[in-house]
1. What are the aspartates and glutamates whose alpha-carbon lies under 15 Å from the alpha-carbon of Lys301, with same-chain residues fewer than 8 places away excluded?
2. Based on the Cα atoms of the chain, what semi-axes does the equivalent ellipsoid have, where each is the square root of 5 times one gyration tensor eigenvalue, given in whole Å with the largest first?
3. If you build a Gaussian network model of the chain, linking Cα atoms that sit under 10 Å apart, which residue out of Ile151, Ile137, Ile74 swings the most?
4. Given 4 °C and 1.567 mPa s, compute D for the range 112-205 with the Stokes-Einstein relation, Rh being the Kirkwood radius over Cα pairs; round to the nearest whole µm²/s.
5. Want the number for Asn35 to Glu204: 0.36 nm per residue separation, take away the alpha-carbon distance, what's left?
6. How far, in nm, would the chain grow between Arg94 and Asp60 when pulled straight, counting 0.36 nm per residue and subtracting the alpha carbon separation?
7. Throw me the Rg/Rh for the range 12-161, computed over C-alpha atoms with Kirkwood Rh, two decimals.
8. How big is the charge dipole of the chain about its Cα centre, in debye rounded to the nearest 20, if each Lys and Arg gets +1 on its Cβ and each Asp and Glu gets -1 on its Cβ?
Amino acid sequence: MITRTQRFVLLVLFGLIMLPAHGRGADKITLSSTNPTAFDIDFVVARDKGFFAQENLEVDATYMTPDLVIKALIAGTVDLARSGTHFGVIAAARGAEIKIIGGSNYGYPYQVIGNPQYKTLADLKGQKIAGASLASITTTIFKDVMQRRGIPPSAYTLLFVGGSPERFQAVASGQVAASLAEAPPYNFRSVEAGRRVLLNYSDEIKNLQYTSFFATTKSLAQNRPLFARYIRAIGQGMRWINDPANEKAAIELMVKRLKVDQAIAAQTYKFMIPENHAFRYEGAIDGPGLAEMIRLLETDKMIPKREPWESFVDAAFMPSK
């Protein structure tokens, strides 16, 4: 016969087994990323709207410069990295044991912005154009698009001045004819100042997995289910962003978290969501988009050879056919 004490112990044990996950304390994940911008709104939404919490996750993000995000992952100081896909692919091509587990930004939501006297890309022949650096993916993409238009690199001069703020200022001062890549809010400020959009990259680039989530193969062997929950939460965040019913709330979230004014936030939402569909695949791998990134990197000799996109993705996170 089971005594009252034994029955009590069994009930306690049963209660512990049946205790919901959120009652046991959240599982923690550390993430390296760049400082939050409009490109990171998927992460912001997943955190602020409770999608991480629904997956019983507590995500601790450490922000750093773009070139350090993948290095932090390889060094083992974080569990996951949210990085420009090119940084991770280049590192993997050089032997780093890292894999892609999901996508963040899809497509290429940038514009070529020029001073008002320039009306087309062809008008940039013989002109100086502001870029970030020779090794920047923005430079690679610009050269590729110009080449498609029949304009070789020898037809213009790239002046490497730095990131978006520096490129914006170089155009504003007349130091250069155009900036090879501008995104919110600098593209809006340029247009408001009378400068001209010479190219929406989305008109040329239909598939590109621009930003990805990476993990080391060692960490994947131990934490695949945990990382799958993370990607599921990110996907929920993207689904929320893409719902037109959430437009007002998304704009308010941008104002609060990105520290921009209401007008810029509204323009950013329109540019990133309905116009560029920057979060279109809800965290899933975009095979054609990865293949395009690999093609760009190999063409510009940033990786030694063009390998199948599947070789850069963890098998458990392959897109469903």
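1. Hits, sequence-local ones excluded: Asp144, Glu292.
2. Over the Cα atoms of the chain, the ellipsoid semi-axes are 42, 23, 15 Å.
3. Taking springs between Cα atoms under 10 Å, the residue moving most is Ile151.
4. 101 µm²/s
5. Stretched out fully, the Asn35 to Glu204 stretch lengthens by 58.1 nm.
6. 9.4 nm
7. 1.14
8. 220 debye
The values are calculated or read from the model by the stated rules, or taken from the named source; none is laboratory data. Model, not experiment: these values are computed from the prediction. Cβ atoms come from the backbone with ideal geometry, glycine included; neighbour counts cover every protein chain shown. The accessibility values were calculated without ligands, DNA or RNA, using every heavy atom of the protein model including side chains. Shrake-Rupley method; radii C 1.70, N 1.55, O 1.52, S 1.80 Å.
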